[in-house]
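Student: Sending over a structure as structure tokens; questions will come in a sec.
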């Protein structure tokens, strides 16, 4: 859904795709030429052009067909570009290109930046408990109650939640517009239960051949 919204905003000119790529290409692990090629591919998409070949690229960028093919191959390998078969106007199948994965990567890049900024604290703390309390009060814009602080202490000492676990839960709460410690507790509990289920399944898989041999003996 978020990708569709971003594509709509790019198509309607609300968001400038070229600026997005210029600002993020290094962080996304792209070279300058790969970034320029993505900008050109997006431009073709905005003109409702779904088919692209190295020859078409050479008309836009001052590179050889071999270089264009290599760049497209690199973008596919890095999962920024995909191709799929669709029927053309003459009824024959052609390869249509998509850069939806690029939109997804740009969104993920900015999500990570937002989370990093949200989770920054200006002070040094003696304990993780103090840091988590500060993070929550900062992002929830309210002072925590003693019982809520006790719950946070329990998360860390009894349930052994890591800082990353709690930060992910805080981000989920903010996205859901649920600014309460009880909601965070439910998110963390659900994750812990899922992890336990995964461990049980893995253990069961390891033991099953032995059990089978025992039952058949």
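Student: Which residues, counting only those in the range 4-21, are in contact with a helix residue (DSSP H, G or I) (Cβ under 7 Å, 6 or more places away or on another chain) and either assigned to a helix (DSSP H, G or I) or closer than 22 Å to residue 57 by Cα (or both)?
Tutor: Hits for the range 4-21 are 6, 7, 10, 11, 17, 18, 20, 21.
Student: Considering only the range 90-194, give the helices (runs of 4 or more DSSP H) lying wholly within it that have at least 1 residues that are at pLDDT 90 or above and in contact with a strand residue (DSSP E or B) (Cβ under 9 Å, 6 or more places away or on another chain).
Tutor: Fully inside the range 90-194 and qualifying: 100-118.
Student: If you don't mind, there's one more thing I want to ask. Being free of Cβ contacts under 8 Å to residues at least 12 places away in the same chain and closer than 30 Å to residue 139 by Cβ, is that true of even one residue in the range 56-75?
Tutor: Scanning the range 56-75, I find no residue that is free of Cβ contacts under 8 Å to residues at least 12 places away in the same chain and closer than 30 Å to residue 139 by Cβ, so the answer is no.
Student: If you don't mind, there's one more thing I want to ask. When the residues of the range 11-30 are filtered to those that are more than 18 Å from residue 82 (Cα to Cα) and touching a residue at least 40 places away in the same chain (Cβ under 8 Å), which remaining residue is surrounded by the most Cβ atoms within 10 Å (Cβ to Cβ)?
Tutor: 20
Student: Restricting to the range 86-103, give me the number of residues that are within 12 Å of the chain's Cα centre (by Cα) and either under 18 Å from residue 16 (Cβ atoms) or in the same structural domain as residue 168 (by TED's automatic domain parsing) (or both).
Tutor: Summing the residues that are within 12 Å of the chain's Cα centre (by Cα) and either under 18 Å from residue 16 (Cβ atoms) or in the same structural domain as residue 168 (by TED's automatic domain parsing) (or both) in the range 86-103 gives 2.
Student: Go through the residues of the range 117-130 one by one and say whether even a single one is touching a residue at least 40 places away in the same chain (Cβ under 8 Å), touching a helix residue (DSSP H, G or I) at 6+ places or on another chain (Cβ under 8 Å) and either more than 30 Å from residue 49 (Cβ to Cβ) or assigned by TED's automatic domain parsing to the domain that holds residue 194 (or both).
Tutor: Looking through the range 117-130, at least one residue is touching a residue at least 40 places away in the same chain (Cβ under 8 Å), touching a helix residue (DSSP H, G or I) at 6+ places or on another chain (Cβ under 8 Å) and either more than 30 Å from residue 49 (Cβ to Cβ) or assigned by TED's automatic domain parsing to the domain that holds residue 194 (or both).
Student: Still on this structure, please answer the following. Select from the range 31-61 the residues that are touching a strand residue (DSSP E or B) at 6+ places or on another chain (Cβ under 7 Å) and assigned to a loop (DSSP other than H, G, I, E, B) and write down the one among them that is farthest from residue 86 (Cα to Cα).
Tutor: The selected residue is 52.
The values are calculated or read from the model by the stated rules, or taken from the named source; none is laboratory data. Everything numeric in this text was worked out from a predicted model, so none of it was measured. Cβ sites come from the backbone with ideal geometry, for glycine too, and all protein chains shown count toward neighbours.
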